[in-house]
1. Contact list please: Cβ distance under 7 Å, first residue in the stretch 82-103 and free of Cβ contacts under 8 Å to residues at least 40 places away in the same chain, second residue assigned to a loop (DSSP other than H, G, I, E, B), pairs at least six apart or on different chains.
2. For a quick check of your reading of the model, give me the residue pairs whose first member lies in the stretch 33-45 and is touching a residue at least 40 places away in the same chain (Cβ under 8 Å), whose second is not in a helix (DSSP H, G or I), with beta-carbon atoms closer than 8 Å and at least 6 apart or on different chains.
3. Can you tell me which residue is modelled with the lowest pLDDT among those in the stretch 90-106 that are over 9 Å from the mean Cα position of the chain (by Cα) and surrounded by 13 or more Cβ atoms within 10 Å (Cβ to Cβ)?
4. Need pairs with beta-carbon distance below 7 Å; first residue open to solvent by less than 50 Å² (accessible area, probe 1.4 Å) and within the stretch 107-134, second acidic (Asp, Glu); sequence gap 6+ or separate chains.
5. When the stretch 48-65 is examined, which residues are found to be closer than 16 Å to Glu117 by Cα and either in contact with a strand residue (DSSP E or B) (Cβ under 7 Å, 6 or more places away or on another chain) or free of Cβ contacts under 8 Å to residues at least 24 places away in the same chain (or both)?
Amino acid sequence: MEQTEIPQISPAILAYLGDALYELVIRRYLVVEKGIKKTNRLHQEAVKLVRAEAQAKLARLIEPDLTAEEADVLRRGRNTKTGHVPVNVSPVIYRHSTGWESLIGFLYLTKRHERIEQLIQLGIQRLLLEEGES
């Protein structure tokens, strides 16, 4: 795929890719950086960070630090119609989490892997501060 074709990819497709990438980065973070060794706790902690509510918060918390291009990808992802919203999530939260996933997918396809790591780390730090955790 040519770099010039990436901006034409549907935000829903970017979100599909970004969802898997984000979960992988979170799992690695929990194992390597947090040093969690019990699978049950790993699962519980991963769910806290990958659920739609957490992704929507991360998107809000890192939005001021985005480039104009990244903000546009986030906005397009947030505004895309995905076809369905899970029963246990509000449509607004789901759309914001889709924006976050679209951004992660876009950054991956444009080979900005360090930027993905930077935004996720920044988002997690701010999320934990907001929730009073360390």
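1. Correct list of pairs: Pro91/Val85.
2. Filtered contacts from the stretch 33-45: no entries.
3. Filtering first and then ranking leaves Ser90.
4. Leu122/Asp65
5. Matches in the stretch 48-65: Glu63 only.
A quick yes/no check of all residues on (1) open to solvent by 60 Å² or more (accessible area, probe 1.4 Å); (2) more than 18 Å from Leu122 (Cα to Cα); (3) part of a helix (DSSP H, G or I):
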site: Val25; (1), (2), (3): no, no, yes
site: Leu30; (1), (2), (3): no, no, yes
site: His43; (1), (2), (3): yes, yes, yes
site: Leu58; (1), (2), (3): no, no, yes
site: Glu70; (1), (2), (3): no, no, yes
site: Lys81; (1), (2), (3): yes, yes, no
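The values are calculated or read from the model by the stated rules, or taken from the named source; none is laboratory data. Treat the numbers as computed from the prediction; the structure is a model and nothing was measured. Neighbour counts run over all protein chains shown; Cβ positions are idealised from the backbone, glycine included. Each accessible area value is taken on the protein alone, full model and side chains, heavy atoms only, with ligands, DNA and RNA left out. Shrake-Rupley method; radii C 1.70, N 1.55, O 1.52, S 1.80 Å.
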